[in-house]
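Undergrad: Supplied in structure tokens, the structure appears directly below.
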Amino acid sequence: MGKQLRFFAGLVLALVVSSSTWFYMNRVLREHQLAEAAAHDRPRGNLSDLYPRWLGARELLLHGRNPYGSDIAIEIQRGYYGRPIDPSRPYDPKDEQGFAYPAYVVFLLAPTVRLPFNEVQIGFRWLLISLTAASVLFWLHSLRWKTSFGTGLIFIVLMLGWLPVVQAIKLQQLSLVVAGLLAACGACLAGGWLFLAGGLLALSTIKPQLSWPLVLWLFVWAGSEWSSRRKLIFGFALVMLLLLGGAELVLPHWLGMFVQGISRYHQYTQNQSVLTSLFGMIVGRIVGAACILVCAVCLWEVRKEPASEASFGRASALVLALTVVIVPMSALYNEVLLAPAILVLLRSVWSRDPILPAVRRARAVGFLILAWPWIATMGLSLMSFFWLTPDLRDRLWPAPLYPSYVIPVFIFGLALLDAWGSQPRTLRESAPAE
């Protein structure tokens with residue numbers, strides 16, 4: 001009876017806090033954005049991050065047009081913003097919404113190019129929700145954490161109400177697809193399906209900046225035991241060959257266009273990594289290099305571990321947390337890649353392994369910072385029913401976003417401490433018995 005009561009209490013709390021995030025996005029943040037757009041004549045169209053990729057895929061596959069062309073960018077702006085953006089207008093967006101993806105992303109979108117975009121949006125939204133829920137189960141399997149049905153359900157509800165995930169679903173961001181593919185890759189590795197894992201890893205390169213650190217780590221891991229792990233490389237190579245070759249057939253010399261598109265994208269968005277945003281360009285890059293070095297030392301000790309071990313799942317989670325802090329784009333929705341590292345930390349707390357008091361305090365601060373967006377969205381949601389005036393709303397709407405840059409750094413740091421603390425135990429277990 002006590003377990004059932006705890007489950008229902010936990011589920012109700014998870015539903016409440018997750019609902020508050022959705023309420024905040026729809027009734028607080030959106031209302032603020034609408035008011036700002038009206039005050040400054042800022043254009044608002046479908047605002048779907050899927051739309052530029054979908055339109056580029058449709059024009060390439062159905063009409064043979066170059067999706068990287070400036071004419072396609074203007075058509076994208078008409079749908080995304082409602083009209084082409086005007087650089088002479090001070091309040092117009094700076095993001096030109098060009099087709100800044102590898103050309104082979106069109107193959108994933110090919111089944112949708114003959115459908116109306118409003119139907120594609122609905123189906124894609126449900127795909128993202130389903131894939132995100134499944135990714136929780138995939139990571140639990142990869143980490144070898146056998147939770148109860150109730151605990152897994154609570155994790156899924158919290159995941160679907162986590163601010164980065166809600167933003168990604170609202171924007172229809174392909175980052176959630178990449179996160180789901182990486183989670184499925186991890187589950188396949190844990191289950192021994194290396195060839196399939198390699199294929200899923202290759203598909204995740206539709207956003208290469210999010211997948212390349214994990215690709216490098218898995219290549220090192222596979223190379224350390226080549227005879228038993230080479231199927232991962234073969235699966236990756238085969239699918240990449242099909243993607244790259246197919247893209248070259250439908251759009252010759254696309255790679256140069258993609259590189260130019262990425263360069264232009266960084267120019268007009270001026271994106272920086274989380275670390276450079278926090279510490280400045282020079283210090284941020286030095287800290288980033290140090291993070292990569294320390295992470296590499298931890299991973300080197302785990303490279304021979306089989307994928308069926310929880311230590312391998314922890315290593316992959318650490319790599320994804322590193323990705324979030326070093327990738328040259330500090331978008332909130334990319335923080336979905338922190339999910340496995342958060343699960344690692346929760347499992348460590350659950351297991352009550354002995355840790356230093358300083359680490360325990362750091363975890364407490366980290367979890368408080370992680371919970372802050374839910375605390376803020378719940379507060380704003382309650383206020384909206386009583387005294388949240390438009391003027392007060394316009395001052396308080398950023399509150400849930402305050403720790404957006406701090407959360408990735410804290411989660412990576414805690415995951416690094418967890419991985420570093422497990423090194424002696426790993427070495428002892430791998431040492432030959434005397």
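The values are calculated or read from the model by the stated rules, or taken from the named source; none is laboratory data. Everything quoted here is computed from the prediction, not taken from an experiment. Cβ coordinates were reconstructed from backbone atoms using ideal geometry, including for glycine residues, and neighbour counts include every protein chain displayed.
Undergrad: Scan ASP394, ASP353 and give me the residue that is of a type in the set (D, E, K, R), more than 22 Å from the chain's Cα centre (by Cα) and under 16 Å from LEU417 (Cα atoms). Let's see the steps before the verdict.
TA: Working: ASP394 fails: under 16 Å from LEU417 (Cα atoms).
Criteria check complete, one pass: ASP353.
Undergrad: Right, next: Within the stretch 11-57, which residues are among the small types (Gly, Ala, Ser), in contact with a Leu (Cβ under 9 Å, 6 or more places away or on another chain) and more than 30 Å from ASP92 (Cβ to Cβ)?
TA: Residues of the stretch 11-57 that are among the small types (Gly, Ala, Ser), as a first pass: 14, 18-20, 35, 37-39, 45, 48, 56-57.
Then keep just the ones that are in contact with a Leu (Cβ under 9 Å, 6 or more places away or on another chain); that gives 14, 18, 20, 48, 56-57.
Those that are among the small types (Gly, Ala, Ser), in contact with a Leu (Cβ under 9 Å, 6 or more places away or on another chain) and more than 30 Å from ASP92 (Cβ to Cβ): ALA14, SER18, SER20.
Undergrad: Looking at the stretch 350-366 only, could you name the residues that are in a helix (DSSP H, G or I) and without any contact (Cβ under 8 Å) to a residue 12 or more places away in the chain? Give the steps one after another, and end with the answer.
TA: Residues of the stretch 350-366 in a helix (DSSP H, G or I): 350-351, 357-366.
Matches in the stretch 350-366: TRP350, SER351, PRO357, ALA358, ARG360, ARG361, ALA364.
Undergrad: For the stretch 195-216, does any single residue satisfy the condition of being free of Cβ contacts under 8 Å to residues at least 40 places away in the same chain and β-branched (Val, Ile, Thr)?
TA: Looking for residues that are free of Cβ contacts under 8 Å to residues at least 40 places away in the same chain and β-branched (Val, Ile, Thr), one finds at least one in the stretch 195-216, hence yes.
Undergrad: Would you mind finding the one in LEU143, LEU127, LEU153 that is over 30 Å from LEU244 (Cα atoms), under 19 Å from the mean Cα position of the chain (by Cα) and modelled with pLDDT of 90 or more? It would help to see each step written out before you state the result.
TA: On the way: LEU127 fails: over 30 Å from LEU244 (Cα atoms); LEU153 fails: under 19 Å from the mean Cα position of the chain (by Cα).
Exactly one of LEU143, LEU127, LEU153 is over 30 Å from LEU244 (Cα atoms), under 19 Å from the mean Cα position of the chain (by Cα) and modelled with pLDDT of 90 or more, namely LEU143.
Undergrad: Cβ-Cβ distance below 7 Å, separation of 6 or more or different chains: which pairs start in the stretch 294-314 with a residue that is closer than 22 Å to LEU140 by Cβ and end on one that is basic (Lys, Arg)?
TA: Hits for this filter: ALA310/ARG144; GLY313/ARG144.
Undergrad: Against the condition β-branched (Val, Ile, Thr) and under 17 Å from the mean Cα position of the chain (by Cα), how does VAL113 come out, does it pass? Lay out the reasoning, then the answer.
TA: Values: β-branched (Val, Ile, Thr): yes; under 17 Å from the mean Cα position of the chain (by Cα): no.
For VAL113, the condition - β-branched (Val, Ile, Thr) and under 17 Å from the mean Cα position of the chain (by Cα) - is not met.
Undergrad: Kindly indicate the residue of the stretch 70-90 that is assigned to a helix (DSSP H, G or I) and of a type in the set (Asp, Glu) and also farthest from SER263 (Cα to Cα) among those meeting that condition.
TA: Our first condition is that a residue be assigned to a helix (DSSP H, G or I); within the stretch 70-90, this holds for 70-80.
Checking which are of a type in the set (Asp, Glu) leaves us with 71, 75.
Values: ASP71: 18, GLU75: 20 Å.
Ranking the candidates gives GLU75 first.
Undergrad: Here's a follow-up. ARG58 - would you say it is touching a helix residue (DSSP H, G or I) at 6+ places or on another chain (Cβ under 9 Å) and within 18 Å of ASP394 (Cα to Cα)?
TA: Values: touching a helix residue (DSSP H, G or I) at 6+ places or on another chain (Cβ under 9 Å): yes; within 18 Å of ASP394 (Cα to Cα): no.
No, not satisfied.
Undergrad: Restricting to the stretch 64-105, and then to whatever is under 20 Å from LEU244 (Cα atoms) and free of Cβ contacts under 8 Å to residues at least 40 places away in the same chain, can you tell me which residue is nearest to the chain's Cα centre (by Cα)?
TA: If we take residues in the stretch 64-105 being under 20 Å from LEU244 (Cα atoms) and free of Cβ contacts under 8 Å to residues at least 40 places away in the same chain, then GLY69 is nearest to the chain's Cα centre (by Cα).
Undergrad: Which number in (1) of a type in the set (A, V, I, L, M, F, W, C); (2) at pLDDT 90 or above; (3) over 12 Å from TRP217 (Cα atoms) marks the one condition that ALA310 misses?
TA: (2)
Here's the yes/no breakdown for (1) surrounded by 15 or more Cβ atoms within 10 Å (Cβ to Cβ); (2) of a type in the set (A, V, I, L, M, F, W, C):
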position	(1), (2)
ALA237	no, yes
LEU244	yes, yes
LEU249	no, yes
GLN260	no, no
HIS266	no, no
ASN271	yes, no
VAL274	yes, yes
PHE279	yes, yes
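Undergrad: Mind checking whether some residue in the stretch 91-99 is surrounded by fewer than 22 Cβ atoms within 10 Å (Cβ to Cβ) and either at pLDDT 90 or above or assigned to a helix (DSSP H, G or I) (or both)?
TA: no
Undergrad: Which residue out of VAL259, VAL325, VAL336, VAL287 is in contact with a helix residue (DSSP H, G or I) (Cβ under 6 Å, 6 or more places away or on another chain), without any contact (Cβ under 8 Å) to a residue 24 or more places away in the chain and either on the phi < 0 side of the Ramachandran plot or assigned to a helix (DSSP H, G or I) (or both)? Explain how you work it out, then say what you get.
TA: Details: VAL259 fails: in contact with a helix residue (DSSP H, G or I) (Cβ under 6 Å, 6 or more places away or on another chain); VAL325 fails: without any contact (Cβ under 8 Å) to a residue 24 or more places away in the chain; VAL336 fails: without any contact (Cβ under 8 Å) to a residue 24 or more places away in the chain.
Sole residue among the options that is in contact with a helix residue (DSSP H, G or I) (Cβ under 6 Å, 6 or more places away or on another chain), without any contact (Cβ under 8 Å) to a residue 24 or more places away in the chain and either on the phi < 0 side of the Ramachandran plot or assigned to a helix (DSSP H, G or I) (or both): VAL287.
Undergrad: Conditions first: (1) part of a helix (DSSP H, G or I); (2) under 19 Å from LEU249 (Cα atoms); (3) polar (S, T, N, Q). ASN66 passes all but one, so which condition is the exception?
TA: Unmet condition: (1).
Undergrad: Take the conditions of a type outside the set (D, E, K, R), more than 19 Å from HIS266 (Cα to Cα), crowded, with 18+ Cβ neighbours inside 10 Å and touching a Pro at 6+ places or on another chain (Cβ under 7 Å) and apply them to LEU60. Does it pass?
TA: Numbers: of a type outside the set (D, E, K, R): yes; more than 19 Å from HIS266 (Cα to Cα): yes; crowded, with 18+ Cβ neighbours inside 10 Å: yes; touching a Pro at 6+ places or on another chain (Cβ under 7 Å): yes.
Yes: the conditions hold for LEU60.
Undergrad: Please tell me if VAL113 is crowded, with 21+ Cβ neighbours inside 10 Å and β-branched (Val, Ile, Thr).
TA: On the way: crowded, with 21+ Cβ neighbours inside 10 Å: no; β-branched (Val, Ile, Thr): yes.
No: the conditions fail for VAL113.
Undergrad: Just one of the numbered conditions (1) of a type outside the set (S, T, N, Q); (2) part of a helix (DSSP H, G or I); (3) buried (at least 20 other Cβ atoms within 10 Å of the Cβ) is not true of ALA307; which one?
TA: Of everything listed in (1) of a type outside the set (S, T, N, Q); (2) part of a helix (DSSP H, G or I); (3) buried (at least 20 other Cβ atoms within 10 Å of the Cβ), ALA307 misses just condition (2).
Undergrad: Of all the residues that make up the stretch 1-43, how many are surrounded by 15 or more Cβ atoms within 10 Å (Cβ to Cβ) and not in a helix (DSSP H, G or I)?
TA: Result for the stretch 1-43: 2.
Undergrad: Count, please, the residues in the stretch 39-62 that happen to be within 15 Å of ALA103 (Cα to Cα) and either free of Cβ contacts under 8 Å to residues at least 12 places away in the same chain or basic (Lys, Arg) (or both).
TA: Number satisfying all stated conditions: 2.
Undergrad: Give the residue, chosen from SER381, SER330, SER351, that is modelled with pLDDT under 90 and buried (at least 17 other Cβ atoms within 10 Å of the Cβ).
TA: On the way: SER381 fails: modelled with pLDDT under 90; SER351 fails: buried (at least 17 other Cβ atoms within 10 Å of the Cβ).
Answer to the selection: SER330.
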